[in-house]
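Below is one structure; the comments refer to it alone.
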C-alpha cells in the first residue's frame with residue numbers, strides 16, 4: 001500500500017473523491033444468496049468474477065444487463081467451493097476459456113475434484129493478478145470445515161474489502177480491513193427470524209455457532225469498526241437469507257443504529273444485479289483542518 005496515502009484515522013470531516021469516470025475499481029453484484037453468488041469486478045478494462053455460483057446463462061444475461069460481456073472475463077476469485085459460490089457448469093467453462101481460478105490453499109483439492117484443471121488453479125494473493133497490477137490479499141476466515149477466503153483488492157490507491165460466509169468476525173480480519181474505500185460484507189440472517197424458524201436445531205447451530213454465517217447485528221458491529229478506520233464510499237451487504245432475513249429488517253436496523261453509514265448501504269438480492277458501483281481515488285486534498 002503506498003505510504004503517501006493518508007490514513008483515515010488521521011482526519012475528520014468530509015471525504016473528497018474523484019469523479020466516477022476516474023474510478024479505478026468498479027463492481028456489480030450479479031446475485032447473492034443461497035441460490036448463487038457472483039460479482040463482476042472491473043479493474044480498468046479488465047473483468048474478473050468474485051465467486052461463480054450462478055449458471056453460465058444467468059451470469060451472461062446479468063452481465064449484459066449492466067453492459068458487460070462474459071467473454072471478456074479474465075479470471076475468477078472464489079471465496080470457497082460450496083456450490084452456491086462455484087457452480088457445476090463452471091469447470092467446463094473455465095477450461096474452454098482458459099480462465100485462471102484463484103482460491104485459498106484449503107480449497108485446491110476440492111477445486112480439482114470438481115474438475116478445474118490444476119494448470120488453471122492459482123493460490124489467491126500470492127502475486128499481482130492482472131496486467132494492470134491489481135494486488136490481492138487473501139485473509140482466511142472460519143466457515144464450516146474448510147474455511148473461506150476474504151479478500152482485499154487494491155489498484156491505484158483504491159481498496160475494496162470482500163468478506164462473506166464467515167461464522168464470526170476474527171480480530172485478524174478487522175486488523176486487515178483498514179484504509180478501505182469500499183466494503184462488501186455478509187449480513188445473512190435476522191436472529192429473531194432464525195430462532196423462530198422451523199429449521200432443525202442442528203442447522204440453526206451450524207449457522208449461528210461461529211463457523212456458519214453472520215447475523216445482521218454482527219455484521220453492523222463489524223462494519224462500524226471497519227468504517228472507523230476507512231473511508232467507505234460503498235457498503236454492500238451480501239448473502240441475505242431468503243428464509244431468515246428480509247431487506248426491510250436490514251434497512252430498519254441500519255436506520256436505527258447505522259448513523260451516516262445507512263446512506264451508503266446497498267442490499268444485494270438473489271434475482272437481480274446491483275448497479276455498477278464505482279470506487280474512486282480519494283483526492284489529494286482530503287480535508288480542511
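Just a yes or no: is a residue in region 18-25 crowded, with 22+ Cβ neighbours inside 10 Å, modelled with pLDDT of 95 or more and either within 20 Å of the chain's Cα centre (by Cα) or under 21 Å from residue 133 (Cα atoms) (or both)? Scanning region 18-25, I find at least one residue that is crowded, with 22+ Cβ neighbours inside 10 Å, modelled with pLDDT of 95 or more and either within 20 Å of the chain's Cα centre (by Cα) or under 21 Å from residue 133 (Cα atoms) (or both), so the answer is yes.
Checked against (1) surrounded by 17 or more Cβ atoms within 10 Å (Cβ to Cβ); (2) in contact with a helix residue (DSSP H, G or I) (Cβ under 8 Å, 6 or more places away or on another chain); (3) closer than 27 Å to residue 98 by Cβ, residue 139 passes all but condition (3).
Here residue 153 clears all of (1) surrounded by 21 or more Cβ atoms within 10 Å (Cβ to Cβ); (2) free of Cβ contacts under 8 Å to residues at least 40 places away in the same chain; (3) assigned to a strand (DSSP E or B) except the condition numbered (2). Total residues in region 20-78 satisfying the condition of being touching a strand residue (DSSP E or B) at 6+ places or on another chain (Cβ under 9 Å) and within 18 Å of residue 98 (Cβ to Cβ): the figure is 15. Every condition in (1) outside any loop (DSSP other than H, G, I, E, B); (2) more than 24 Å from residue 205 (Cα to Cα) holds for residue 180 except the one numbered (1).
Taken together, the residues in region 105-146 that are touching a strand residue (DSSP E or B) at 6+ places or on another chain (Cβ under 8 Å), in a loop (DSSP other than H, G, I, E, B) and more than 24 Å from residue 27 (Cα to Cα) amount to 3.
The conditions of being farther than 25 Å from residue 231 by Cα, modelled with pLDDT under 95 and either assigned to a loop (DSSP other than H, G, I, E, B) or in contact with a helix residue (DSSP H, G or I) (Cβ under 6 Å, 6 or more places away or on another chain) (or both) are not met by residue 165. Of all residues in region 278-287, none satisfies being crowded, with 17+ Cβ neighbours inside 10 Å, in a helix (DSSP H, G or I) and in contact (Cβ under 8 Å) with a residue 12 or more places away in the chain. The one condition from (1) over 23 Å from residue 136 (Cβ atoms); (2) at pLDDT 95 or above that residue 30 does not meet is (1). If only residues of region 241-262 that are touching a residue at least 24 places away in the same chain (Cβ under 8 Å), part of a helix (DSSP H, G or I) and in contact with a strand residue (DSSP E or B) (Cβ under 7 Å, 6 or more places away or on another chain) are counted, the one that is nearest to residue 203 (Cα to Cα) is 250.
Residues being surrounded by fewer than 20 Cβ atoms within 10 Å (Cβ to Cβ) and either closer than 15 Å to residue 141 by Cα or in contact with a strand residue (DSSP E or B) (Cβ under 8 Å, 6 or more places away or on another chain) (or both): count how many of those fall in region 180-206.
Count: 1.
Kindly indicate whether residue 226 is surrounded by 20 or more Cβ atoms within 10 Å (Cβ to Cβ) and part of a helix (DSSP H, G or I). For residue 226, the condition - surrounded by 20 or more Cβ atoms within 10 Å (Cβ to Cβ) and part of a helix (DSSP H, G or I) - is met.
When we screen 234, 251 for residues that are in contact with a helix residue (DSSP H, G or I) (Cβ under 9 Å, 6 or more places away or on another chain) and surrounded by fewer than 17 Cβ atoms within 10 Å (Cβ to Cβ), the only hit is 251.
The values are calculated or read from the model by the stated rules, or taken from the named source; none is laboratory data. Being a predicted model, the structure only gives us computed values, none of them experimental. Because the Cβ atoms are built from the backbone with ideal geometry, glycine has one as well, and the counts that use them run over all protein chains shown.
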